[in-house]
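Worksheet: the structure to be examined is printed underneath.
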Amino acid sequence: MSVRLYALDGCPWCEKAADALDDAGVEYETEWVEALHSDRNEVKRVSGQRGVPVLVDEGRGVTMAESANIVDYVERTLA
């Protein structure tokens, strides 16, 4: 899968990003992360920080954080 969303269960910002992907009909894989920031090594490896959500679009070489940025990217690029 070329689009992945790193998310935390119950995170409203992660749900906002996932809703944007769903609304745009984008196929993606969700990578569920640990609740403790110190346990989010995979997120840090791909994005340089441990916050979520993080979107990785391998096909376009894009990695980004912040739900507002992700929603904007999805609407402008993937929809």
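The values are calculated or read from the model by the stated rules, or taken from the named source; none is laboratory data. The shown structure was predicted, so the numbers you read here are calculated from the model rather than taken from an experiment. Counting neighbours? That spans all protein chains shown, and the Cβs are built from the backbone with ideal geometry, glycine included. To get the accessible areas, we keep the full protein, side chains included, count just its heavy atoms, and leave off ligands, DNA and RNA. Shrake-Rupley method; radii C 1.70, N 1.55, O 1.52, S 1.80 Å.
Working note: 222 nm ellipticity from helices only, DSSP H runs with n ≥ 4, each -39,500 (n - 2.57), summed and divided by the residues of the chain, gives -9000 deg cm²/dmol to the nearest 500.
About its Cα centre, the chain has a charge dipole of approximately 380 debye under the convention of +1 per Lys or Arg Cβ and -1 per Asp or Glu Cβ, with nothing else charged. Which Cα, out of A35, S47, A24, lies furthest along the positive dipole direction of the chain (beta carbon charges, K/R +1, D/E -1)? It is S47, whose Cα lies furthest towards the positive end. Rounded to whole Å, the principal axis extents of the Cα atoms in the chain read 34, 25, 20, largest first.
Charged neighbours of C14, selected by a Cβ distance under 14 Å, balance to -4 (K, R count +1; D, E count -1). The mean sequence separation of alpha-carbon pairs under 8 Å and at least six residues apart, normalised by the residue count of the chain, gives a relative contact order of 38 percent. The Cα trace of segment 1-46 gives Rg and Dmax of 11.1, 33 Å, the first to one decimal, the second as a whole number. Angle of helix 12-23 to the longest C-alpha principal axis of the chain, folded into 0 to 90 degrees and rounded to 10: 30°. Counting only protein heavy atoms and a 1.4 Å probe, the chain has 59 square angstrom of accessible area per residue. Label-to-label distance, K16 versus T77, with points set 7 angstrom from Cα along the beta-carbon direction: 1.9 nm.
Once the Cα-Cα distance is subtracted from the 0.36 nm per residue extended length, the T30 to E58 segment shows a gain of 8.7 nm. The heavy atoms of V26 present about 30 square angstrom of accessible area, all protein chains included, probe 1.4 Å.
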